[in-house]
C-alpha cells in the first residue's frame, strides 16, 4: 500500500519581511523630498524661500508649512531607524497638528489662486482646475488622519503616510523642468503613481502579498485622479469652486 508523503506548508522563513522597512521607507521619503525640491527649486527653494517672489503671503505660508512637513517626515523616519521610537511618538502629535494646518493652508492657497485668477476667461479654466489641488489635499488629510488613528500598527501607519503624500507631489512633479512634464498634470499624476508601484513591488518582495493599505490606497488615488477632470468641468463643481473662491483673502 502506498504511503502518502507529508505535504509541508510553504515556508516564509526566507522572506525579508519587515527587515528592510526602515531602509525602504526612508529612501522613498527622501526620493519624494527630492522630487518636490526639483519642481520648486527655481521658484521657491533656490529663490530664497520667504524671499522668493511669490504672489501672496498665503502662498508663502503654504510653501513653508508644506516644506516643514516634508522635512518632518524624514526626521520621523530617521528616528525610527535610529531606534528612538520614544521621540518619534512625541513628535507624532505635533506632526498631526502640522498635517491639519497643511489641509487648511492647502484650501486657503487654492482660494487665493482662485481670487487672483478665477474670474479670468479660460483657458485655463481655473475653477475647473481647482479640483486638482483640492482633491490632493483631501486625499492627504484622509490618509494622514487614518495613519494617526493606526499609529500603533507600524506597517499600516507608514504606508498610509506614504499614500497621503503621493498625490500632493503632483504639484511639484508638474513643475519639473522637462518639456514633456512641465505643467502637464496628467503626466505628473502618472509619474506620482510610480511610488505606488514601488510600494506594491516591495510588499510582494518582502511578504509575498500586497498590503491592504497599498491596495485600497492605490485604487482610491487612481479613481480620484482619473475622475477629477470630468467632475471639474461640471456646473456643480464650478459653483463649489466659486464658494471656495470667496474665501480668498
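Between helix 131-149 and the chain, what is the angle of the helix's C-alpha long axis to the longest principal axis, kept within 0 to 90° and rounded to the nearest 10?
Computed tilt is about 40 degrees.
Can I get the semi-axes of the chain's equivalent ellipsoid? Compute them from the C-alpha gyration tensor as square roots of 5 times the eigenvalues, in angstrom, largest first.
38, 22, 16
Using only the alpha-carbon atoms, how far is helix 212-232 inclined from the longest principal axis of the chain? Give it as 0 to 90 degrees, nearest 10.
Computed tilt is about 20 degrees.
Over the chain, with a Gaussian network built from C-alpha contacts below 10 Å, which listed residue (104, 73, 223) shows the highest mean-square fluctuation?
223
Tell me the angle of helix 85-117 to the major Cα principal axis of the chain, expressed in degrees between 0 and 90 and rounded to the nearest ten.
30
Let me make sure I get this right: for region 118-188, a, b and c are the square roots of the gyration tensor eigenvalues over alpha carbons, sorted descending. Under 1.5 in a/c it's rounded, otherwise prolate if a/b > b/c, else oblate. Which is it? Mind showing how you got there, number by number?
On the way: a/c = 5.23, a/b = 1.93, b/c = 2.70.
Oblate is the answer for region 118-188, as a/c is 1.5 or above yet b/c matches or exceeds a/b.
Averaged across orientations, what area in nm² does the convex hull of the alpha carbons in region 177-231 project? Walk me through the intermediate numbers first.
On the way: hull surface 18.3 nm².
Here the figure is 4.6 nm², rounded to one decimal.
Over region 21-236, what relative contact order in percent results from Cα pairs under 8 Å that are six or more residues apart? Display every interim value, and only then the final one.
On the way: 205 pairs, mean separation 44.3, N = 216.
This gives 21 percent for region 21-236.
So if the hydrodynamic radius of region 157-249 is defined as the Kirkwood radius over C-alpha pairs, what does Stokes-Einstein give as its diffusion coefficient at 25 °C and 0.890 mPa s, in µm² per second? Provide the component values of the computation, followed by the final result.
Details: Rh = 15.0 Å.
The Stokes-Einstein estimate is 163 µm²/s.
Using the count of nearby Cβ atoms within 10 Å as a rough guide to exposure, how do 218, 193 rank from fewest to most?
Working: 218 19, 193 16.
Lowest to highest Cβ neighbour count: 193, 218.
Values quoted throughout were computed directly from the atomic coordinates according to the rules given, and no laboratory measurement underlies them. None of the values given here were measured: they were computed from a predicted structure. Using ideal geometry, Cβ is built from the backbone for each residue, glycine included, and neighbour counts are taken over all protein chains shown.
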